[in-house]
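To keep things clear, I will list the structure first and then write my remarks on it.
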Amino acid sequence: MYPLLQDLRVKVLDEVNKVVIGREKEASLLLTCLLARGHVLLEGVPGTSKTLLAKTFAKCLGLTFKRVQFTPDMLPLDIVGGFIFNMKNREFEFKQGPVFTNLLLADEINRAAPKVQSALLEAMQELQVTVEGFTSKLPSPFMVIATQNPLDFEGVYPLPESEKDRFMVRVIFDYPETSIESEILKRNLMEMSVEEVHTVVTSEDLQQMFRVVDSIRVTDEILDYLSKIAKETRTDSRVNLGASPRAMVQLVHCARANAALEGRNYITPDDVKKLAPYVLAHRMRLDRSATLKGLATTPEIIVQQVLDAVKPPR
């Protein structure tokens, strides 16, 4: 089964590269997060292929896909759905919102007001939606890929801490390198479409892969290592809010998915080190006074320093 998972990564990256150039690392993180049953936050300036990558990723895995463009005038019911009156039988019926899908693209999520953003909290954590006492389960698998612009852009709201903690991974989209951008310009002289992407795995295969990831072995030594990392983020004087227990649980799941994709049935410290900056950094809040004094840089750098300071098991 492990060779099948390794083969899946190669196939997904090949299909994504037909449309999205130079985003192999980001596509690989999306796949890792999907197999770990988590959600992804893509952050970057407009025009860096965040939306295109999400659409292409869904297409090559054969997942049902819906996109919601978040705007300031949205209401929570625009996402989760609500009750409407059926004139034929004169009864109220629940109409499902776009959240009822395998992969939901929440485009520019931080352009909506906080009450709309929080409408996703139950769906992301409990895989269900409750409206007026009526609870409905979401399809499996269910994954949210949210995109957001930097906070210095006009018309954006910061995500609540509780919502950021629901995202397993945050991926920052930088501008492409010069050689890659030249290839992007060259390709866009021709017609390019997501329709060129082929489905490379069935839903049955995905369910089997989920079971493989769940079987990946995690030793007590690795769990102690993770606990020490968590404690270090919470006691660092430059940090006001360290990694939560949920963050560490999600780091374990992410590391298991990475181990499976690399053909192993056990986690190593390298799995943790590889994924910790993506899983922990966006959940940490830096101390303002330390930032003003120049003691704190970025959460990613602090996470890397924590990983350097905590001795991994042999």
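The values are calculated or read from the model by the stated rules, or taken from the named source; none is laboratory data. None of the values given here were measured: they were computed from a predicted structure. Cβ sites come from the backbone with ideal geometry, for glycine too, and all protein chains shown count toward neighbours.
So which residues in segment 65-92 are closer than 15 Å to VAL129 by Cα and of a type in the set (D, E, K, R), if there are any at all?
Answer for segment 65-92, where residues must be closer than 15 Å to VAL129 by Cα and of a type in the set (D, E, K, R): just ASP78.
Which one is surrounded by the fewest Cβ atoms within 10 Å (Cβ to Cβ), of the residues in segment 258-314 that are polar (S, T, N, Q) and within 18 Å of LEU226 (Cβ to Cβ)?
GLN305
Tell me, please, whether a residue that is among the small types (Gly, Ala, Ser), surrounded by 14 or more Cβ atoms within 10 Å (Cβ to Cβ) and more than 23 Å from GLN304 (Cβ to Cβ) can be found in segment 191-205.
Taking every residue of segment 191-205 in turn, at least one turns out to be among the small types (Gly, Ala, Ser), surrounded by 14 or more Cβ atoms within 10 Å (Cβ to Cβ) and more than 23 Å from GLN304 (Cβ to Cβ).
How many residues does segment 14-42 contain that are charged (D, E, K, R), closer than 21 Å to PHE142 by Cβ and outside any loop (DSSP other than H, G, I, E, B)?
1
Of all residues in segment 94-112, which are in a loop (DSSP other than H, G, I, E, B) and under 15 Å from the mean Cα position of the chain (by Cα)?
Correct list: ASN102, GLU108.
Determine whether segment 81-93 contains at least one residue that is touching a Pro at 6+ places or on another chain (Cβ under 9 Å), part of a strand (DSSP E or B) and not assigned by TED's automatic domain parsing to the domain that holds LEU251.
Scanning segment 81-93, I find at least one residue that is touching a Pro at 6+ places or on another chain (Cβ under 9 Å), part of a strand (DSSP E or B) and not assigned by TED's automatic domain parsing to the domain that holds LEU251, so the answer is yes.
Given the criteria modelled with pLDDT of 90 or more, more than 14 Å from the chain's Cα centre (by Cα) and assigned to a loop (DSSP other than H, G, I, E, B), does VAL45 qualify?
Against the criterion (modelled with pLDDT of 90 or more, more than 14 Å from the chain's Cα centre (by Cα) and assigned to a loop (DSSP other than H, G, I, E, B)), VAL45 does not qualify.
Answer with yes or no whether GLY97 is out of contact with any Ser or Thr (no Cβ under 7 Å at 6 or more places or on another chain), crowded, with 17+ Cβ neighbours inside 10 Å and farther than 30 Å from ALA255 by Cβ.
Judged against the criteria, GLY97 is a match.
When you scan segment 130-152, how many residues do you find that are among the charged types (D, E, K, R) and on the phi > 0 side of the Ramachandran plot?
Going through segment 130-152 one residue at a time, the tally reaches 1.
Name the residue, out of VAL40, VAL12, that is touching a residue at least 12 places away in the same chain (Cβ under 8 Å), farther than 19 Å from ASN149 by Cα and of a type in the set (Val, Ile, Thr).
Within the list VAL40, VAL12, the selection yields VAL12.
Go through (1) part of a helix (DSSP H, G or I); (2) free of Cβ contacts under 8 Å to residues at least 60 places away in the same chain one by one and return the number of the condition THR297 breaks.
Going through the list (1) part of a helix (DSSP H, G or I); (2) free of Cβ contacts under 8 Å to residues at least 60 places away in the same chain, THR297 breaks only (1).
For segment 221-257, which residues satisfy the criterion of being farther than 25 Å from THR298 by Cα and either surrounded by 15 or more Cβ atoms within 10 Å (Cβ to Cβ) or not assigned by TED's automatic domain parsing to the domain that holds PRO299 (or both)?
Scanning segment 221-257 gives ILE222, ARG256, ALA257.
Name the one entry in LYS66, LYS59 that is touching a helix residue (DSSP H, G or I) at 6+ places or on another chain (Cβ under 7 Å) and either crowded, with 21+ Cβ neighbours inside 10 Å or at pLDDT 90 or above (or both).
The match here is LYS59.
Residue by residue through segment 226-241, note down the ones that are in contact (Cβ under 8 Å) with a residue 24 or more places away in the chain and closer than 15 Å to HIS253 by Cα.
If the condition is that a residue be in contact (Cβ under 8 Å) with a residue 24 or more places away in the chain and closer than 15 Å to HIS253 by Cα, then LEU226 is the only one that fits.
If you check VAL129 against the conditions, is it within 19 Å of LYS50 (Cα to Cα) and either assigned by TED's automatic domain parsing to the domain that holds GLU26 or modelled with pLDDT under 85 (or both)?
Details: within 19 Å of LYS50 (Cα to Cα): no; either assigned by TED's automatic domain parsing to the domain that holds GLU26 or modelled with pLDDT under 85 (or both): yes.
Criteria not met by VAL129.
Just to verify a result, which residue in segment 113-140, among those that are assigned to a strand (DSSP E or B) and touching a residue at least 12 places away in the same chain (Cβ under 8 Å), is surrounded by the most Cβ atoms within 10 Å (Cβ to Cβ)?
VAL129
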